[in-house]
1. Restricting to helices (runs of 4 or more DSSP H) lying wholly in the range 108-202: which have 3 or more residues that are modelled with pLDDT under 85 and not acidic (Asp, Glu)?
2. Show the residue pairs meeting these rules: Cβ distance below 6 Å; 6+ apart or different chains; first residue within the range 73-85 and assigned to a helix (DSSP H, G or I); second residue of a type in the set (Phe, Trp, Tyr).
3. Restricting the first residue to the range 101-122 and requiring it to be touching a residue at least 12 places away in the same chain (Cβ under 8 Å) and on the phi > 0 side of the Ramachandran plot, which pairs with a second residue that is part of a helix (DSSP H, G or I) and of a type in the set (Ser, Thr, Tyr) meet a Cβ separation below 8 Å and a spacing of at least six or different chains?
4. Can you name every residue in the range 44-65 that is crowded, with 24+ Cβ neighbours inside 10 Å and among the hydroxyl-bearing types (Ser, Thr, Tyr)?
5. Please go through the range 86-106 and give me each residue that is of a type outside the set (Gly, Ala, Ser) and either part of a loop (DSSP other than H, G, I, E, B) or crowded, with 20+ Cβ neighbours inside 10 Å (or both), ordered by number.
6. Being farther than 13 Å from ASP115 by Cβ and within 13 Å of the chain's Cα centre (by Cα) narrows it down to one of THR57, THR61, so name that one.
7. Any idea which of LEU95, LEU65 is closer than 27 Å to PHE140 by Cβ and modelled with pLDDT under 85?
8. Looking only at residues that are surrounded by 11 or more Cβ atoms within 10 Å (Cβ to Cβ) and hydrophobic (A, V, I, L, M, F, W, C) in the range 3-15, which one is nearest to GLY44 (Cα to Cα)?
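The values are calculated or read from the model by the stated rules, or taken from the named source; none is laboratory data. Since the structure is predicted, the reported quantities are computational estimates derived from the model, not experimental observations. All Cβ positions, glycine included, derive from the backbone under ideal geometry; neighbour counts span all protein chains shown.
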Amino acid sequence: MDKQKLLAFIGSLGPAGFIGFILLQVMQVVAAPIPGEVTGFIGGYLYGPALGIFLSTVGLTLGSLIAFSLSRTFGRPFVEKFVKRETMAKYDYLLHHKGAFLVFLLFLIPGTPKDLLCYILGLGHLSTKEFFVISTVGRFGGTVLLTLGGNFVHHHQYYRFFILLGIAIILVFLSMVYKDRLEIMFSLLHARSREKAKEKKK
């Protein structure tokens with residue numbers, strides 16, 4: 001979907017634009033028709049930093065909880081219909097490892113498929129309350145960066161936008177360098193915990 005058309009559509013809703021934008025954020029998590037980077041940027045462009053961050057956080061939190069609840073209600077066959085098996089296998093350790101901190105780290109890492117993680121985590125051990133805290137706080141940093149970027153462009157503060165973009169590129173680069181290492185470490189921890197569990201049973 002075209003960013004300018006989205007801006008025009010939400011702007012045309014008037015006072016209902018707040019609700020429309022929140023629903024847009026919910027949809028991009030649950031059904032992923034629009035990249036989250038686009039919707040986060042639009043929030044800052046239309047509503048400024050404070051309100052943009054608030055509305056995006058509300059929408060992303062609701063969408064994450066809906067995806068998590070759908071997964072928990074309908075189970076793995078439902079999730080596997082739209083989450084690739086390769087992705088499921090890659091994050092399979094999350095379904096067995098109870099470490100909430102490990103999940104939180106993944107939500108912090110740029111480039112992690114956070115929307116798909118909501119569905120995958122619904123099959124695991126996390127409680128709804130734990131997931132709510134982890135997903136909301138974990139998404140917050142990215143929401144702030146995208147919202148500020150949209151606000152800077154709206155006010156033609158391009159030098160600030162490019163500084164922010166530079167920071168984002170550095171963060172993405174670092175995450176690409178260490179993301180695989182972290183995920184390998186998590187997988188090894190999971191494998192060791194399963195081996196210990198088997199030994200205890202013996």
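1. In the range 108-202, 158-201 are the helices (runs of 4 or more DSSP H) which contain 3 or more residues that are modelled with pLDDT under 85 and not acidic (Asp, Glu).
2. Close Cβ pairs satisfying both conditions: VAL79/TYR119.
3. As it stands, the answer is GLY111/SER175, since those pairs meet every condition given.
4. Matches in the range 44-65: SER56, SER64.
5. Selection gives TYR91, ASP92, TYR93, LEU94, HIS97, LYS98, VAL103, LEU106.
6. Of THR57, THR61, the one residue that is farther than 13 Å from ASP115 by Cβ and within 13 Å of the chain's Cα centre (by Cα) is THR57.
7. After ruling out the rest, the residue left standing is LEU95.
8. LEU7
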